[in-house]
Amino acid sequence: MEKRPWVSPDIKGIIDDRSLIAEVDAAGFPVFSTFEPPSPTARTYLEQTEAAARKTFADFNRLFAEDVAVFRRKMGESKVIELLPEQEAISIDSGAQR
């Protein structure tokens, strides 16, 4: 899951970067490289990138709601230390309503 949103800058050599950040950068290039409205191809690419982002965020939210929640509960019951405090779910739409 760690590698899905980005590739660490510590990675050496030439890599096939298929991370979400790489997709967002690639989808944004044709939009920001002109003053014209996005072409149908650029719009399609943006829609595909948005779908990929929604899937990635849903997978992360599921991981934290399920696996990390169980881990957090077990750690809390052990009274050792508090790890991974609860956070709000990731959403693409949260910033659009401001």
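The numbers here are math on the coordinates, done by the rules we state, and not lab data. Worth saying up front: this structure is predicted, and the values here are computed from it rather than measured. So basically every Cβ, Gly included, is an ideal-geometry build from the backbone, and we count neighbours across all protein chains shown.
Observations
- Counting only residues at least eight positions apart within a chain, or on another chain, the lysines with an alpha carbon under 17 Å from that of Lys55 are Lys3.
- Farthest towards the positive end of the charge dipole of the chain, among the residues Ile92, Met75, Gly28, is the Cα of Met75, using unit charges on the Cβ of Lys, Arg, Asp and Glu.
- Rg over Rh [alpha-carbon atoms, Kirkwood Rh] for the chain: 1.10
- Value of [θ]222 nm, deg cm²/dmol, for the chain, DSSP H segments ≥ 4, -39500 (n - 2.57) each, nearest 500: -17500 deg cm²/dmol
- Length gained on full extension, Thr34 to Lys3, computed as 0.36 nm times the residue gap minus the Cα-Cα distance: 8.1 nm.
- Distance between the modelled labels on Ala26 and Ile11, one decimal in nanometres: 1.2 nm (7 Å Cα→Cβ projection).
- On Cα atoms only, tilt of 67-78 relative to the major axis of the chain in degrees: 20 degrees
- The chain: relative contact order as a whole-number percent, Cα under 8 Å and 6+ apart: 22 percent
- Counting beta carbons within 10 Å around each of Ser91, Ser33, Ser19 and listing the fewest first gives the order Ser33, Ser91, Ser19.
- Tilt relative to the chain, helix 20-32 - C-alpha long axis, 0 to 90 degrees, to 10: 30 degrees
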